[in-house]
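The values are calculated or read from the model by the stated rules, or taken from the named source; none is laboratory data. What you see is a predicted model; the values in this text were computed from it and never measured. Here the Cβ is made from the backbone with ideal geometry for all residues, glycine too, and neighbour counts use every protein chain on show.
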Amino acid sequence: MQRHLQFLILLLFTSSLTFAQQQKKPTSSEIFESIKKLNFLGSVLYVAAHPDDENTRLISYMSNEVKARTAYLSLTRGDGGQNLIGPEIRELLGVMRTQELLAARRVDGGEQLFTRANDFGYSKHPDETLSIWDKNKVLSDVILAIRKFKPDVIINRFDHRRAGKTHGHHTSSALLSMEAFDLVNNPLSYPEQLSTTGLWQPKRLFYNTSWWRYGGKEEFDKVDKSNMIMFDIGVYYPLKGLSNNELASMASSQHLCQGFGRLTQRGSQEEYIEFLKGESLNGSTNVFEGIDTTWNRVKGGNAIGELLQDVETNFNFRNPSEHLPKLLQAYQLLSKVEDKHWKTIKIKELKSIIVACAGLYLEASAETNWATSNETINLNIEVLNRSQQSITLRSINTSNNLQISKEIKLIENMKFDFKEPITIPNNQNPTTPYWLAEKGTLGMYKADAKYIGLPETPRVFNVDFNLLIDKTPITFTKPVVYRYSKPDKGELYKPFEIIPEASAKLSEGVIILDSDAQRDIEVIVKAGRDNLEGYVQIAHPKDWSIFPEKQKVNITNKGQEQRLTFTIIPPKEQSEGLLTPMVHVGEQTYTRDLIEIDYDHIPFQTVLLPSESKIVRLDIQKRGENIGYIEGAGDVVPESLRQIGYNVTTITPKNITAENLNHFDAIVVGIRAYNTVEELKFKQQILFDYVAQGGNMIVQYNTSYRVKVDAIAPYDLKLSRDRVTDELADVTLLATTHEILNYPNKITSKDFEGWTQERGLYFPNEWANEFTPILSMHDKGESAKEGSLLVAKHGKGYFVYTGLSFFREFPAGVPGAYRLFANMLSLGKNNIN
């Protein structure tokens, strides 16, 4: 039984997530569950701030147990978080986390919505959050989401009454939801939306409370719960072979870049929601109290409901195609319903059930996953009817409005394959996340009005299969995909995407020069089509020189790259700016970088961003050459240190031995290493001994929870949640005579200019007397925080703990961050008497 359950979990995981472009092939049990959901006409909207904020237990319960149409509105895409599995941060991290949310929804059965709010990083108060976000626009997006989704019930993840006591984004999501509830049915509120959607009034609003809101289970037991509803979200689903909390754990585990992989849970489990506003429940425990969730809710729906209820009651698991006549009758009736909202939703659901019951397989696969404007490619069309139902393929329509007549009678289990060409329009925009098409602000993304709220850019290229099923004309639309195989992985799918005919980038995102000596840099040009010819120039700051001025590009095959070497000549004084490669092809100039995001747990992603590399002529001195780096949770610090001339060697835990460490001038521990690398708890004493014998050890930030080691430092050190989120916060130099602020680089307040997103996070708030605090900083209205950089002499060497966000500042090319880190690495090597 346990092996069977593990197989089901693996099957659900791989079929739903790894191959997200592959169309669903539902079992009879899944078809039956879809019919039950088809017969429930009620909606729930869950609201929070970030990916991974959502309560997958409750979303799964509402979707799978209640059968309600359930969506999660995440105000942001999580761009401000950290990445535990790769180097992507900011915009690219937001793309990853968007896809992880969609992966989670494919497991728990929910839908996914967003606003244009940009996750700019941790915020301590909703006043700060809403001053950086454009509150008016985010509120508009929340109202638009409600008007379009039309939820009967809204559930907030966070408490609107907790301002200043938790993440400002969290509280803001609840405040905006509360405000939207009162405005969404007002025609004077954002009237421009009413041209594409109508007014709506949700029935009631809840807050998803829990014992952690009250500080513990004992305290929660004392709370008056007369205004709350409790659900047992551990309910078991025999048709799935899984309980609700197992599904929820699997959904939550899709947030891998945030380290949310977890064990599945089973058994009875209580979940609470607190009534906040709307129509009273009158003592009921049904969130849909007073709402007709049957087909009687829709004018003309009674006859549809009778047909579909009969299908549900008498469902034939062995031969679902038996129900096609009644499903087609219901489809014909539903097509005439006046209620556009439920008509659109339920026709989509019903058509999916018809396809599944007929065993229809309809696919349009391109011969490549990439194409460019004005290119003609072949589509491989596959059509298969695996039922005894009379079905005819009358024609297909491609996205270039070409209708191709077929009139093929689809004989049971006889596959029809044919090829059809498709030409990409000359003015077709490349594929990229719509919210990244234009540069936004610190707090907001820009988006075309027709896309606002959508989780991703709609696919432009689709194929319509126009069928006649038992005299009923019906059209099924399938996106064009790319299907291929690998010997070590089997059948795989990628989305079909449009790319520019040329893209370019510098091989390094940040280029640091510590002298005025010239240096070679490399431009990588990628061809989006065959026989690409043109030339490359590099836009650069006026006080820099680049030789040669331009170079020819000549690439024979699509997808190939050409590498071109240019020489940069920096100024004699410290300077910084941007380099942008420009590829000229005919009359077109291309200045964007084509970025690929390829992980097994999310679909392959193509992102186009402005191709810019930060270039810095840095006034920096350093001592020592060889650095050992113990990797943590995905940062680019090793590459950054190489930029300024250090020899950096990555050290695995098994290679942490006294003999190996003696070769290094300093050892650096990567971000969150003590949260993610279990083996380090067995190596700490070796590292501390290395310091005592004259070594230099730098430990970067770790979170204050899930610490794997018994002792982070050779002396007492307690981590906290202290952080300084304002990157412009004043920094006071406390230990002005300390070596770390004076040698080999003189550190001043100027070195803290230009920092990005934050000063630092998870600072210690208690430490032994052996430590010297170096800096003091604080956010507005808070007490001074002195734990951002601590140094202790230990034996003959130095131990440094820092919560400063070097992992953000290095990729941004912040000069002062490099200078300060060089001083940290140089401790004890300055020959100071």
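Results, tabulated for the structure shown:
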item: Selection status of K622, in a helix (DSSP H, G or I) and either basic (K, R) or assigned by TED's automatic domain parsing to the domain that holds D520 (or both); result: no
item: Residue among G110, G94, G80 that is crowded, with 22+ Cβ neighbours inside 10 Å and closer than 23 Å to R69 by Cα; result: G110
item: Enumeration of residues in region 715-752 that are at pLDDT 95 or above, of a type in the set (S, T, Y) and either closer than 18 Å to A812 by Cα or part of a loop (DSSP other than H, G, I, E, B) (or both); result: Y715, T736, T737, Y743, T748
item: From S43, S34, S16, residue being in contact with a helix residue (DSSP H, G or I) (Cβ under 9 Å, 6 or more places away or on another chain) and modelled with pLDDT under 95; result: S16
item: Unmet criterion (only one of (1) assigned to a loop (DSSP other than H, G, I, E, B); (2) surrounded by fewer than 20 Cβ atoms within 10 Å (Cβ to Cβ)) for E274; result: (1)
item: Options Y190, Y237; residue that is among the aromatic types (F, W, Y) and either closer than 21 Å to T70 by Cα or under 26 Å from the mean Cα position of the chain (by Cα) (or both); result: Y237
item: Count of residues meeting criterion [on the phi > 0 side of the Ramachandran plot and in contact with a Leu (Cβ under 8 Å, 6 or more places away or on another chain)] in region 585-635; result: 2
item: Index of the failed condition, A502 passing every other in (1) more than 30 Å from G110 (Cβ to Cβ); (2) hydrophobic (A, V, I, L, M, F, W, C); (3) in contact with a Ser or Thr (Cβ under 8 Å, 6 or more places away or on another chain); result: (3)
item: Any hit, region 569-579, residues being closer than 30 Å to E456 by Cβ and surrounded by 14 or more Cβ atoms within 10 Å (Cβ to Cβ); result: yes
item: Test: F260 is modelled with pLDDT under 95, aromatic (F, W, Y) and not assigned by TED's automatic domain parsing to the domain that holds N385; result: yes
item: Candidate set: region 313-362, residues that are basic (K, R) and assigned to a helix (DSSP H, G or I); chosen: the one farthest from S63 (Cα to Cα); result: K326
item: Test: residue in region 419-433 that is surrounded by 14 or more Cβ atoms within 10 Å (Cβ to Cβ) and at positive phi; result: no
item: Qualifying residue in region 440-457 (condition: in a loop (DSSP other than H, G, I, E, B), basic (K, R) and in the same structural domain as S123 (by TED's automatic domain parsing)); result: yes
item: Selected residue [surrounded by 16 or more Cβ atoms within 10 Å (Cβ to Cβ), modelled with pLDDT of 95 or more and within 33 Å of the chain's Cα centre (by Cα)] from E375, E363; result: E363
item: Tally, over region 691-714, of residues that are touching a His at 6+ places or on another chain (Cβ under 8 Å) and either part of a loop (DSSP other than H, G, I, E, B) or surrounded by fewer than 21 Cβ atoms within 10 Å (Cβ to Cβ) (or both); result: 2
item: Among (1) assigned to a loop (DSSP other than H, G, I, E, B); (2) among the polar types (S, T, N, Q); (3) free of Cβ contacts under 8 Å to residues at least 60 places away in the same chain, the one test that N83 misses; result: (3)
item: Options A812, A822: the member that is in the same structural domain as S704 (by TED's automatic domain parsing), under 17 Å from E625 (Cβ atoms) and either of a type in the set (A, V, I, L, M) or crowded, with 22+ Cβ neighbours inside 10 Å (or both); result: A822
item: Residue check for I615: crowded, with 17+ Cβ neighbours inside 10 Å, out of contact with any His (no Cβ under 8 Å at 6 or more places or on another chain) and over 16 Å from I89 (Cα atoms); result: no
item: Members of region 459-493 found to be among the basic types (K, R) and in a strand (DSSP E or B), listed by number; result: K478, R483, K486
item: Any strands (runs of 3 or more DSSP E) falling wholly within region 566-609 and containing at least 3 residues that are over 22 Å from the mean Cα position of the chain (by Cα); result: 575-585, 588-590
item: Hits in region 749-787 (condition: polar (S, T, N, Q) and at negative phi); result: S749, T756, N765, N769, T772, S776, S783
item: Selection count, region 503-528, where residues are closer than 19 Å to Q551 by Cβ and over 34 Å from the mean Cα position of the chain (by Cα); result: 3
item: Qualifying positions in region 777-830 - over 23 Å from G754 (Cα atoms), in contact (Cβ under 8 Å) with a residue 60 or more places away in the chain and part of a strand (DSSP E or B); result: A792, H794, G797, Y798, F799, V800
item: Residue that is surrounded by the most Cβ atoms within 10 Å (Cβ to Cβ) [pool: residues in region 622-653 that are out of contact with any Phe, Trp or Tyr (no Cβ under 7 Å at 6 or more places or on another chain) and within 30 Å of P581 (Cα to Cα)]; result: L641
item: Positions within region 48-80 being closer than 23 Å to V138 by Cα, touching a helix residue (DSSP H, G or I) at 6+ places or on another chain (Cβ under 6 Å), part of a loop (DSSP other than H, G, I, E, B) and not acidic (D, E), in sequence order; result: A49, P51, L75, R77, G78
item: Flag for V616 being closer than 30 Å to L741 by Cβ and touching a strand residue (DSSP E or B) at 6+ places or on another chain (Cβ under 6 Å); result: yes
item: Single match in L804, L790 (criterion: assigned by TED's automatic domain parsing to the domain that holds Y674, buried (at least 17 other Cβ atoms within 10 Å of the Cβ) and under 24 Å from D619 (Cα atoms)); result: L804
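Yes or no, residue by residue, for (1) polar (S, T, N, Q); (2) farther than 29 Å from N429 by Cα; (3) out of contact with any helix residue (DSSP H, G or I) (no Cβ under 7 Å at 6 or more places or on another chain); (4) part of a strand (DSSP E or B):
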{"position": "S503", "(1), (2), (3), (4)": "yes, no, yes, yes"}
{"position": "S515", "(1), (2), (3), (4)": "yes, yes, yes, no"}
{"position": "D520", "(1), (2), (3), (4)": "no, yes, yes, yes"}
{"position": "V525", "(1), (2), (3), (4)": "no, no, yes, yes"}
{"position": "R529", "(1), (2), (3), (4)": "no, no, yes, no"}
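Matching residues to (1) of a type in the set (S, T, N, Q); (2) farther than 30 Å from G760 by Cβ; (3) not assigned by TED's automatic domain parsing to the domain that holds V44:
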residue: N118; (1), (2), (3): yes, no, no
residue: G121; (1), (2), (3): no, no, no
residue: F149; (1), (2), (3): no, yes, no
residue: I154; (1), (2), (3): no, yes, no
